[in-house]
1. For ASN35, state whether it is in a strand (DSSP E or B) and open to solvent by 60 Å² or more (accessible area, probe 1.4 Å).
2. Quickly run through the stretch 61-73 and pick out the residues that are in contact with a Ser or Thr (Cβ under 6 Å, 6 or more places away or on another chain) and open to solvent by less than 30 Å² (accessible area, probe 1.4 Å).
3. What's the total number of residues in the stretch 87-121 that are surrounded by 13 or more Cβ atoms within 10 Å (Cβ to Cβ) and in a loop (DSSP other than H, G, I, E, B)?
4. Of the conditions (1) within 21 Å of the chain's Cα centre (by Cα); (2) within 19 Å of ILE114 (Cβ to Cβ); (3) not in a strand (DSSP E or B), LYS17 fails just one. Which one is it?
5. Step by step: first the residues of the stretch 131-148, then only those that are surrounded by fewer than 12 Cβ atoms within 10 Å (Cβ to Cβ) and either aliphatic (A, V, I, L, M) or farther than 26 Å from GLU105 by Cβ (or both), then the one that is nearest to the chain's Cα centre (by Cα). Which residue is that?
6. Under 6 Å between Cβ atoms, at least 6 apart or on separate chains: pull out the pairs that start in the stretch 104-124 with a residue that is over 30 Å from GLU137 (Cα atoms) and polar (S, T, N, Q) and end on any residue that is modelled with pLDDT under 95 and open to solvent by 40 Å² or more (accessible area, probe 1.4 Å).
7. Looking at (1) farther than 30 Å from GLU105 by Cβ; (2) within 20 Å of the chain's Cα centre (by Cα), can you tell me which one GLY152 breaks?
8. Being under 21 Å from MET106 (Cα atoms), of a type outside the set (Gly, Ala, Ser) and either outside any strand (DSSP E or B) or open to solvent by 70 Å² or more (accessible area, probe 1.4 Å) (or both) is the filter here; which residues of the stretch 155-179 pass it?
Amino acid sequence: HNAIRTQSCYTDVFVEKSVSHATALPGQPVTYTLNFGNNGSDIAFNTMITDALPGAIQNPGILSSGSIITQTGSNPLAWQVQDLGPGESGIITITGVISPDLQTEMTLTNTVEISNSLDITLTNNVATAVSQIIIPEISFSQSGYTVDESAGSLTITAVLSPAQPFMNVVVAYRTEAGTAVAGEDYTPVTGTL
């Protein structure tokens with residue numbers, strides 16, 4: 001008897017994604033890392049990767065290592081992957097800056113997808129990385145301040161929380177008359193800090 005032996009050949013492309021900061025501030029640098037590869041036993045031809053980079057990411061830069069990719073689109077980002085052999089993989093690193101103009105807290109969702117027409121497992125073809133953008137707030141270090149008008153001056157401390165090391169924050173301030181009369185009981189002040 002002659003036995004015919006067949007070997008199952010298939011492609012199983014995958015992608016994984018991570019972000020450098022789960023919470024971030026406007027103006028903060030951010031890095032997305034995309035790991036991709038082929039877990040199948042056959043070469044993955046005509047594989048594409050697309051990445052819908054959030055609009056709040058400015059000045060994106062792209063580096064890659066491992067399997068060779070060719071960028072074919074910029075919005076969304078798209079790459080053609082060179083023939084991806086069994087066990088071959090690559091990394092795409094996207095760097096950028098979160099827009100310093102953001103005024104409200106938001107969630108930035110970045111989704112990447114890898115596709116190959118002969119892929120047998122689609123559950124590992126999409127990955128998402130999420131960052132929560134926090135807007136720093138100004139408050140006073142105390143809930144109230146009291147000073148005798150003959151005491152001279154009063155120092156009021158403003159606190160920015162969380163701290164914002166990635167950009168300058170400018171806050172306007174001014175005194176307003178309440179029970180004390182400006183010019184008689186106190187010297188009015190106005191300015192920025």
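The values are calculated or read from the model by the stated rules, or taken from the named source; none is laboratory data. These figures come from a predicted structure and were not determined experimentally. Please note: Cβ atoms are built from the backbone with ideal geometry, for glycine as well, and neighbour counts cover all protein chains shown. Just so you know, the surface numbers come from the protein's heavy atoms only, side chains and all, with ligands and any DNA or RNA stripped out. Shrake-Rupley method; radii C 1.70, N 1.55, O 1.52, S 1.80 Å.
1. No.
2. To start, the set of residues in the stretch 61-73 that are in contact with a Ser or Thr (Cβ under 6 Å, 6 or more places away or on another chain) comprises 61, 63, 66.
Across the stretch 61-73, the qualifying residue is only GLY61.
3. So the first thing to find is which residues in the stretch 87-121 are surrounded by 13 or more Cβ atoms within 10 Å (Cβ to Cβ), and the list is 88-100, 102, 106, 108, 110-116, 118-121.
Checking which are in a loop (DSSP other than H, G, I, E, B) leaves us with 88, 99-100, 102, 116, 118, 120-121.
Qualifying residue count, the stretch 87-121: 8.
4. (3)
5. GLY144
6. none
7. Here GLY152 clears every test but (2).
8. Result: PRO162, GLN164, PRO165, PHE166, MET167, ASN168, VAL169.
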